[in-house]
Amino acid sequence: MSISNLAQREDQQQLEWIGGSVFSALLDAEAPPLHVHNNEDVVFLLLSGSALVWAGEEEYELREGGILPRRIPHGYRITSKKADLLFISTPGGLEKMFRHAGRDLREPRPEGFEISAQLLAEAAELSGNVVLGPPR
């Protein structure tokens, strides 16, 4: 499974993320756990592949994008071998979470690197988000 971005600038930081996926912040200002964004609305645009998305109590099979309003608990799981995902949040600031817990791919991979549940919760808190529980 891999998650990639639309385009990559030469100076763009890439971070190793959950399940070996790659997060790239285009603009600043395994499956992730169930979580809630208190400060951002999220555009979750699946460009290719398939995913299951949980928003509130509803489960959706995602083939195209949609907007997840803030304060709605949600999570997702990529169900195809490869997926291209464009993730936009507004206002900016959510990238702090990815930078805090992710690993810069320009640096050597430390032995035993992983994004623990504790590190993810700590990183989420930095951007005003809350990890509510394990992935569904």
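Quick notes on this one:
- Share of Cα-Cα pairs in the stretch 92-136 lying beyond 18 Å, as whole percent: 33 percent
- Rg/Rh ratio calculated on Cα atoms of the chain (Kirkwood radius): 0.93
We did not get these values from a lab; they are worked out from the coordinates using the rules stated. Please read these numbers as outputs of a predicted model, since none were measured by experiment.
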